[in-house]
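Participant: Okay, handing you the structure first.
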Amino acid sequence: MPKELGNVETKLQAMSYVLLCILQRLDEAQPRLITDVLNGVRADQEASLAQSPVAQPIFDEAIRFLERANRRKGI
């Protein structure tokens with residue numbers, strides 16, 4: 001039997017999906033938007049590495065999300 005998602009996880013997954021859809025539509029109107037945001041997040045991650053290594057998992061997740069949005073925009 002598949003594991004059921006908790007209420008918080010369900011809400012987070014729904015918000016992730018909606019944000020993905022919005023980003024892809026914005027990227028259609030403004031090409032390279034997702035790529036530019038992704039580059040900015042990577043630069044922020046590099047700049048914050050020495051100051052706040054605790055934030056690295058947040059940057060890693062943001063980068064994965066943006067890469068996913070960038071990959072799926074052609075679908």
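Participant: Report, by residue number, each residue of region 12-42 that is loosely packed, with under 14 Cβ neighbours inside 10 Å and either among the acidic types (Asp, Glu) or touching a Gly at 6+ places or on another chain (Cβ under 7 Å) (or both).
Facilitator: 28, 36
Participant: Within region 44-55, is there a residue that is of a type in the set (Val, Ile, Thr) and surrounded by 14 or more Cβ atoms within 10 Å (Cβ to Cβ)? Break it down into steps so the answer makes sense when it comes.
Facilitator: From region 44-55, those of a type in the set (Val, Ile, Thr) are 54; that's our starting set.
When the remaining residues are screened for being surrounded by 14 or more Cβ atoms within 10 Å (Cβ to Cβ), the result is none.
Checked against the condition, which is being of a type in the set (Val, Ile, Thr) and surrounded by 14 or more Cβ atoms within 10 Å (Cβ to Cβ), region 44-55 yields no hits at all.
Participant: If you take the residues in region 31-73 that are among the acidic types (Asp, Glu) and under 19 Å from residue 12 (Cα atoms), which one is farthest from the chain's Cα centre (by Cα)? Don't jump to the end; show me each part of the working.
Facilitator: Initial filter on region 31-73 (among the acidic types (Asp, Glu)): 36, 44, 46, 60-61, 67.
Now restrict to residues that are under 19 Å from residue 12 (Cα atoms): 60-61, 67.
Details: 60: 9, 61: 6, 67: 7 Å.
Taking the candidates together, the pick is 60.
Participant: Turning to a different aspect of this structure: Looking only at region 14-51, count every residue that is closer than 14 Å to residue 64 by Cα and of a type in the set (S, T, N, Q) and tell me the total.
Facilitator: 4
Participant: Now for a separate question. Give region 20-46 a look and list any residue that's of a type in the set (A, V, I, L, M, F, W, C) and in contact (Cβ under 8 Å) with a residue 40 or more places away in the chain, or say none.
Facilitator: Looking only at region 20-46, we keep the residues that are of a type in the set (A, V, I, L, M, F, W, C), and these are 20-23, 26, 29, 33-34, 37-38, 41, 43.
Across region 20-46, the qualifying residues are 20, 23.
Each reported figure results from applying straightforward, stated rules to the coordinates on display, with no laboratory input. Quick caveat, the model's predicted, so the values are computed rather than measured. All Cβ positions, glycine included, derive from the backbone under ideal geometry; neighbour counts span all protein chains shown.
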